[in-house]
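The values are calculated or read from the model by the stated rules, or taken from the named source; none is laboratory data. From a predicted model like this one, the values you see are computed outputs, not experimental measurements. Positions of Cβ are generated from backbone atoms using ideal geometry, with glycine treated the same way; all protein chains shown enter the neighbour counts. Note: areas computed on protein heavy atoms with side chains; ligands, DNA, RNA excluded. Shrake-Rupley method; radii C 1.70, N 1.55, O 1.52, S 1.80 Å.
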Amino acid sequence: MTTNITTFTPLESSFVERGIVRRALLFQRDLYSVSILELEPNSKIKKHKHTFDNEKYVFVDTGRVEVCIKGDSHELENNTDKKMTVLAIKWV
């Protein structure tokens, strides 16, 4: 039996507009990475531009998917009273 331990650390403060946002890096290679983001209630990742990569968000609770392509900007806000968990996939 294999046990995976995922370590969450605070997201870099320059990306956080408000609240508590944590990130656990699951996998990283030269061309892509996969992380889990946790946004506590009333937390927000500020609007930022993807200059060198693309990013896909998969919302764990709903299965909804959002994609930000290279050159575009996006943000992520949890305006609910429950923790939001998002799978974040980045690629070049």
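If you go through the stretch 72-89 one residue at a time, do you hit one that is among the small types (Gly, Ala, Ser), in contact with a strand residue (DSSP E or B) (Cβ under 8 Å, 6 or more places away or on another chain) and surrounded by 15 or more Cβ atoms within 10 Å (Cβ to Cβ)? Don't jump to the end; show me each part of the working.
First, pick out the residues of the stretch 72-89 that are among the small types (Gly, Ala, Ser): 73, 88.
From what is left, the residues that are in contact with a strand residue (DSSP E or B) (Cβ under 8 Å, 6 or more places away or on another chain) are 73, 88.
Checking which are surrounded by 15 or more Cβ atoms within 10 Å (Cβ to Cβ) leaves us with 88.
Within the stretch 72-89, one or more residues are among the small types (Gly, Ala, Ser), in contact with a strand residue (DSSP E or B) (Cβ under 8 Å, 6 or more places away or on another chain) and surrounded by 15 or more Cβ atoms within 10 Å (Cβ to Cβ).
Any residue at all in the stretch 47-70 that's of a type outside the set (Lys, Arg) and touching a residue at least 60 places away in the same chain (Cβ under 8 Å)?
Taking the stretch 47-70 first, the residues of a type outside the set (Lys, Arg) are 48, 50-55, 57-63, 65-69.
Then drop every residue that is not touching a residue at least 60 places away in the same chain (Cβ under 8 Å), which leaves none.
The answer is no, given that none of the residues of the stretch 47-70 is of a type outside the set (Lys, Arg) and touching a residue at least 60 places away in the same chain (Cβ under 8 Å).
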Would you confirm, using the coordinates I've provided, whether residue 33 is in contact (Cβ under 8 Å) with a residue 24 or more places away in the chain and over 17 Å from residue 6 (Cβ atoms)?
no
Would you call residue 67 among the aliphatic types (A, V, I, L, M) and open to solvent by less than 70 Å² (accessible area, probe 1.4 Å)?
no
Could you figure out which of (1) within 19 Å of residue 10 (Cβ to Cβ); (2) open to solvent by less than 40 Å² (accessible area, probe 1.4 Å) isn't true of residue 59?
(1)
How many of the residues making up the stretch 43-56 are open to solvent by 80 Å² or more (accessible area, probe 1.4 Å) and touching a Cys at 6+ places or on another chain (Cβ under 7 Å)?
0
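For every residue, the table says whether it meets (1) under 12 Å from the mean Cα position of the chain (by Cα); (2) of a type in the set (Gly, Ala, Ser).
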{"residue": "7", "(1), (2)": "no, no"}
{"residue": "26", "(1), (2)": "yes, no"}
{"residue": "35", "(1), (2)": "yes, yes"}
{"residue": "50", "(1), (2)": "no, no"}
{"residue": "60", "(1), (2)": "yes, no"}
{"residue": "73", "(1), (2)": "no, yes"}
Quick one: count up the residues across the stretch 19-42 that are under 18 Å from residue 76 (Cα atoms) and loosely packed, with under 13 Cβ neighbours inside 10 Å.
0
